[in-house]
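Read the structure below first, then the notes.
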Amino acid sequence: MTSTLLRGRTLSFVRWPQTIDDHSAWRYEEDGGLLIRDGRIVAAGAYADVEKQAGEAAKKIDHRPHLLLPGFIDAHVHFPQMQIIASYGAELLDWLNTYTFPEETKFANAQHGRRIARLFLDEMVRHGTTTVAAYCSVHKASAEAFFAESHDRNMLNIAGKVMMDRNAPDGVLDTPQSGYDDSKALIAQWHGKGRQHYAITPRFAITSSPDQMEMAGALCREYPDLHMQTHLSENHAEIAFTQELYPWSRDYTDVYEHYGLLGKKSLFGHCIHLSDREADALSDSGSVAVFCPTSNLFLGSGLFDYQRFRRRDKPVRIAAATDVGGGTNYSMLRTMDEGYKVIALNGEKLNPFQSFWQMTRGNAEALSVAEKIGTLDEGSDADIVVLDARATPAMRLRMETVETLAQELFLLQTLGDDRTVREVYVAGRAAKSDMAI
Ligand SMILES: [Zn+2]
């Protein structure tokens with residue numbers, strides 16, 4: 001059995017770091033080793049100790065002086081939007097009508113879906129992201145393309161065909177019945193196949209009729225172990241329109257509550273303008289609010305109140321995500337850099353350890369996959385990112401004055417991007433150096 005022994009500075013989190021000095025919240029080895037066998041980490045710790053367990057035949061790869069972390073996790077992203085990222089001049093509903101819906105009609109063509117799925121996962125790996133929770137288009141073929149590509153690469157990904165049956169062009173509409181049937185067929189075909197996870201994915205309340213929302217709720221009841229992902233409370237016009245479409249609802253969250261869509265594996269993108277009642281409802285059900293800073297800034301949607309959600313008597317579980325193509329960068333480093341600024345505008349701080357916890361273990365916990373990924377612990381899948389804090393001349397110069405790990409992490413987050421990512425391992429396989437580009 002071949003095994004691989006990685007050497008470098010290893011950093012992995014045990015829990016949320018309360019402060020910048022909360023050393024017991026993470027494990028850091030200045031000269032660390034990770035022994036990988038069959039796609040899993042089978043030993044982790046000081047290199048000298050791990051080397052003893054490796055045996056003569058192990059392939060040794062020395063990444064010193066770079067940092068080895070668990071691969072980044074992106075909790076909300078739209079793979080069919082690669083060709084509309086960086087489109088000018090719209091708020092949410094205009095953005096959808098002008099750019100998103102016309103673009104997503106292209107995914108009726110299965111060949112187009114396969115091409116973009118391949119390029120999308122290339123881009124993710126290039127940026128150090130090894131797991132995503134992805135929205136496909138309404139077309140069943142788009143989800144088939146995504147899962148086929150993901151399975152070929154042995155990536156742990158969560159994805160689903162979008163369900164949407166109104167308030168959009170015909171080319172991106174299903175019906176309550178076809179949305180239900182296609183979702184079921186995809187679940188049967190892909191959920192649990194290798195590392196693939198299916199997410200029931202009603203796009204949001206505006207594009208689903210009450211009948212379709214019933215069907216989404218029925219799927220959640222039939223498959224209680226599956227994820228559910230949708231959008232919630234992103235912008236004021238969206239909230240007002242939702243209120244018109246569901247006049248009986250107490251608030252936006254109540255619509256999803258009514259159809260049984262809240263729960264521990266439910267991921268709600270944005271959650272910017274929630275009332276206390278809505279935040280309580282998310283908290284009581286264990287639902288997850290997904291923070292998408294670059295998207296929220298780009299579309300002018302508002303400022304996610306990260307620290308308030310954490311601090312409240314009924315805390316809300318939080319994930320972080322790029323939300324490409326409303327988001328403006330594929331990198332989780334760039335995302336948390338903008339996240340830091342959003343939190344700063346709310347008069348708060350997010351320290352670098354908290355930030356890197358969020359990108360790795362925090363997102364793994366929020367997606368309920370922390371027993372598999374998000375750490376470098378023994379038994380974890382070997383999804384690993386290798387980061388070089390001297391990747392550019394400006395970073396190299398700044399590193400001359402960096403004295404602590406916290407400072408180095410903050411530099412990586414503030415100036416880092418895909419150039420910072422030296423290598424990426426997906427289930428133990430070197431995936432970045434494997435790519436053609
Ligand atoms: Zn989104």
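The values are calculated or read from the model by the stated rules, or taken from the named source; none is laboratory data. Treat the numbers as computed from the prediction; the structure is a model and nothing was measured. All Cβ positions, glycine included, derive from the backbone under ideal geometry; neighbour counts span all protein chains shown. We work out accessible area using only protein heavy atoms, side chains counted, and drop any ligands, DNA or RNA first. Shrake-Rupley method; radii C 1.70, N 1.55, O 1.52, S 1.80 Å.
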Quiz item: Hey, does the range 406-413 have a residue that's over 23 Å from Ala159 (Cβ atoms), in contact (Cβ under 8 Å) with a residue 24 or more places away in the chain and within 18 Å of the chain's Cα centre (by Cα)?
Solution: yes
In the range 303-324, anything open to solvent by less than 20 Å² (accessible area, probe 1.4 Å) and in a loop (DSSP other than H, G, I, E, B) is listed as Phe304, Val316, Ala321, Thr322, Asp323, Val324
- [ ] Would you be able to say whether some residue in the range 58-81 is closer than 30 Å to Gly171 by Cβ, under 25 Å from the mean Cα position of the chain (by Cα) and open to solvent by 60 Å² or more (accessible area, probe 1.4 Å)?
- [x] no
Phe101 meets each of (1) more than 20 Å from Ala199 (Cβ to Cβ); (2) out of contact with any strand residue (DSSP E or B) (no Cβ under 9 Å at 6 or more places or on another chain); (3) more than 15 Å from the ligand (Cβ to nearest atom) with one exception, condition (3)
Picked from the range 267-286 (must be open to solvent by less than 10 Å² (accessible area, probe 1.4 Å) and within 16 Å of the ligand (Cβ to nearest atom)), the residue farthest from Glu91 (Cα to Cα) is Leu267
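Residues are listed down the side, and each one gets a yes or a no for (1) open to solvent by less than 10 Å² (accessible area, probe 1.4 Å); (2) within 16 Å of the ligand (Cβ to nearest atom):
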site: Gly326; (1), (2): yes, yes
site: Tyr330; (1), (2): no, yes
site: Arg334; (1), (2): no, no
site: Ile343; (1), (2): yes, no
site: Gly347; (1), (2): no, no
site: Leu350; (1), (2): yes, no
site: Ser355; (1), (2): yes, no
site: Met359; (1), (2): yes, no
For this session: Return a yes/no flag: does the range 121-132 have any residue that is of a type in the set (Asp, Glu) and in contact with a helix residue (DSSP H, G or I) (Cβ under 7 Å, 6 or more places away or on another chain).
Result: no
For the range 125-140, the count of residues that are more than 24 Å from Asp418 (Cβ to Cβ), part of a loop (DSSP other than H, G, I, E, B) and away from the ligand (no atom under 16 Å from the Cβ) equals 1
Of those in the range 107-119 that are open to solvent by less than 10 Å² (accessible area, probe 1.4 Å) and small (Gly, Ala, Ser), the residue nearest to Asp38 (Cα to Cα) is Ala117
If we ask which residues in the range 150-199 are under 27 Å from Ala431 (Cβ atoms), open to solvent by 50 Å² or more (accessible area, probe 1.4 Å) and either assigned to a helix (DSSP H, G or I) or touching a strand residue (DSSP E or B) at 6+ places or on another chain (Cβ under 7 Å) (or both), their number turns out to be 5
Of the residues in the range 53-91 that are out of contact with any strand residue (DSSP E or B) (no Cβ under 9 Å at 6 or more places or on another chain) and among the charged types (D, E, K, R), the one that is farthest from the ligand (Cβ to nearest atom) is Glu56
The correct count of residues that are more than 14 Å from the chain's Cα centre (by Cα) and either open to solvent by 10 Å² or more (accessible area, probe 1.4 Å) or modelled with pLDDT under 95 (or both) in the range 120-137 is 2
